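Visitor: Can you keep this structure in mind? I'll have questions shortly.
The values are calculated or read from the model by the stated rules, or taken from the named source; none is laboratory data. Source: prediction; values computed, not measured. Please note: Cβ atoms are built from the backbone with ideal geometry, for glycine as well, and neighbour counts cover all protein chains shown. Surface areas here come from the heavy atoms of the whole protein model, side chains and all, with no ligands, DNA or RNA. Shrake-Rupley method; radii C 1.70, N 1.55, O 1.52, S 1.80 Å.
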Amino acid sequence: MQIAIDGPASAGKSTIAKLIAKNLKFVYCDTGAMYRTVTLLAKKNDVGYGDTLDILKLMSEHKIHFLNKEDGQHVYLDDEDVSDTIRTEDITNNVSQVSAIKEVRTELVKMQRDMANNIDIVMDGRDIGTTVLPNAEVKIFLIASVEVRAQRRYKENLERGIKTPLKELQDEIAARDYKDSHREVSPLRKASDAIEIDSSDMTIEQVVKKVTEIVNEKK
Ligand code: CDP
Ligand code: CDP
């Protein structure tokens with residue numbers, strides 16, 4: 001079974017996807033982490049975020065992979081654990097430029113489909129239901145208001161000891177949503193057969209319950 005969870009930035013996709021995967025004993029794949037790692041790869045090598053050929057060359061020379069550890073899934077760039085580095089502000093602010101490159105998407109979509117081949121998987125991102133896994137049995141489009149999403153990120157940052165002005169977070173989220181939904185290739189879009197869940201007023205538990213009900217109906 002394939003479960004696709006798409007939606008805008010900070011809607012709760014990865015939180016929900018991880019819990020659903022854990023409960024059902026499915027594999028989890030965070031496709032956003034892959035775009036973030038390519039962005040980090042460009043940064044580390046002083047390659048411009050719009051420099052398609054150089055980015056593709058770097059992608060062919062390096063390996064992006066996931067490792068499941070006791071505390072969750074870790075992302076690796078070759079032998080380096082980049083799980084934290086890919087969440088820094090600099091990467092967040094530039095990832096949409098890299099993810100808009102058609103050739104980068106082609107490569108990553110290939111990897112994502114390979115990962116999903118013949119296994120039970122929960123995959124979250126922007127184009128999973130529309131492009132990566134168009135035949136997924138369950139497609140969820142998870143949304144929440146910009147205000148709620150900024151609040152959630154504010155709280156998350158605070159827990160890590162970082163105090164970011166709420167307005168700054170709102171602007172970053174809105175700007176990234178705009179770029180992700182207006183790019184030419186596989187823009188963020190609700191698949192026609194996806195079920196939309198507005199989690200603005202829902203707890204994590206309530207969203208998990210709702211998605212589990214949808215999965216059970218499909219089983
Ligand atoms: O977790 P957050 O909502 O901040 O974003 P993410 O899922 O880590 O994705 C980071 C960025 O990668 C997004 O803003 C998109 O530009 C890009 N992305 C994409 O284009 N397609 C995907 N399937 C997943 C992410
Ligand atoms: O993956 P995505 O960027 O869509 O979002 P996330 O990183 O899973 O979630 C962003 C934050 O919202 C996390 O701190 C979650 O704990 C929180 N969240 C929440 O407070 N209530 C929900 N219903 C869903 C997520």
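Visitor: What is the gain in length, in nm to one decimal, between SER192 and LEU158 on full extension, counting 0.36 nm per residue of separation less the C-alpha to C-alpha distance?
Guide: Computed gain between SER192 and LEU158 is 8.6 nm.
Visitor: Give, to the nearest whole percent, the P(r) tail of the stretch 2-202 beyond 32 angstrom, counting all Cα pairs.
Guide: I get 10 percent for the Cα pairs in the stretch 2-202 exceeding 32 Å.
Visitor: Give the long-range amide H neighbours of ILE5: residues separated by 5 or more places, or on another chain, with amide H under 5 Å away, using H modelled in the peptide plane at 1.01 Å from N.
Guide: Under 5 Å from the amide H of ILE5: MET123, ASP124, GLY125, ILE140.
Visitor: Right, next: Just to be sure I understand: of the beta bridges DSSP finds with both ends in the chain, what percent are antiparallel, rounded to 5?
Guide: 30
Visitor: Using the structure shown, list the pairs from LYS18/LYS110; LYS22/LYS63; LYS57/LYS210; LYS167/LYS218; LYS57/LYS163; LYS18/LYS163 with a Cα-Cα distance above 31 Å, or answer none.
Guide: Those over the limit are LYS57/LYS210; LYS167/LYS218; LYS57/LYS163.
Visitor: To continue, here is another question. Over the stretch 49-159, consider all pairs of different Cα atoms and compute the Kirkwood hydrodynamic radius from their mean reciprocal separation; express it in Å, one decimal.
Guide: 16.4
Visitor: Using each residue's phi in the stretch 126-138, evaluate 6.51 cos²θ - 1.76 cosθ + 1.60 at θ = phi - 60° and report the 3J(HN,Hα) Karplus result to the nearest Hz, with x for Gly and Pro.
Guide: For the stretch 126-138, the Karplus-derived couplings read 10, 10, 5, x, 8, 10, 6, 10, x, 9, 3, 5, 10 Hz, x marking Gly and Pro.
Visitor: Could you work out Rg/(2.2 N^0.38 Å) for the stretch 168-208, with Rg from alpha carbons only?
Guide: 1.46
Visitor: Quick one: if you stick a label point 7 Å off each Cα along the C-beta vector at GLU80 and ASN23, how many nm between them?
Guide: 3.7
Visitor: Right, something else. What are the ³J(HN,Hα) couplings of the stretch 73-78, residue after residue, when phi is run through the Karplus curve with 6.51, -1.76, 1.60 and θ = phi - 60°? Round to Hz, x for glycine and proline.
Guide: 7, 10, 9, 10, 10, 6
Visitor: Turning to a different aspect of this structure: Just tell me which aspartates and glutamates come within less than 15 Å, Cα to Cα, of LYS209; anything on the same chain fewer than 8 places away is out.
Guide: GLU196, ASP198, ASP201, GLU217
Visitor: Also, quick follow-up: Using the heavy atoms of the protein chains alone and a 1.4 angstrom probe, what is the accessible area of the chain per residue in square angstrom?
Guide: Dividing the accessible area of the chain by its residue count gives 52 Å².
Visitor: Let me ask something additional. If amide H atoms are built 1.01 Å from N in the plane of the peptide, which residues on other chains or at least 5 residues away come under 5 Å of the amide H of SER199?
Guide: For SER199, whose amide H was placed from the backbone, the distant partners under 5 Å are ILE143, ALA144.
Visitor: Report, largest value first, the span of the C-alpha coordinates of the stretch 1-105 along each principal axis, in whole Å.
Guide: 41, 29, 26
Visitor: Something else: Starting at the first residue of the stretch 79-85, write each ³J(HN,Hα) from the Karplus equation 6.51 cos²θ - 1.76 cosθ + 1.60 with θ = phi - 60°, in whole Hz, x for Gly and Pro.
Guide: Karplus-based 3J(HN,Hα) across the stretch 79-85 equals 9, 9, 6, 10, 3, 8, 4 Hz.
Visitor: Length gain on complete extension for the stretch ASP71 to ALA174, per 0.36 nm per residue less the alpha carbon to alpha carbon distance?
Guide: That pair, ASP71 and ALA174, stretches by 34.0 nm at full extension.
Visitor: Treating only the Cβ atoms of Lys and Arg (+1) and Asp and Glu (-1) as charged, compute the dipole magnitude of the stretch 2-202 about its Cα centre; round to the nearest 20 debye.
Guide: 260
Visitor: Can you put MET111, MET123 in order of accessible area, largest first, using a 1.4 Å probe?
Guide: Of MET111, MET123, the descending order of accessible area is MET111, MET123.
Visitor: Need one number: convex hull volume per residue for the stretch 84-219, Cα atoms only, in Å³.
Guide: Measuring per residue, one finds 130 Å³ for the Cα hull of the stretch 84-219.
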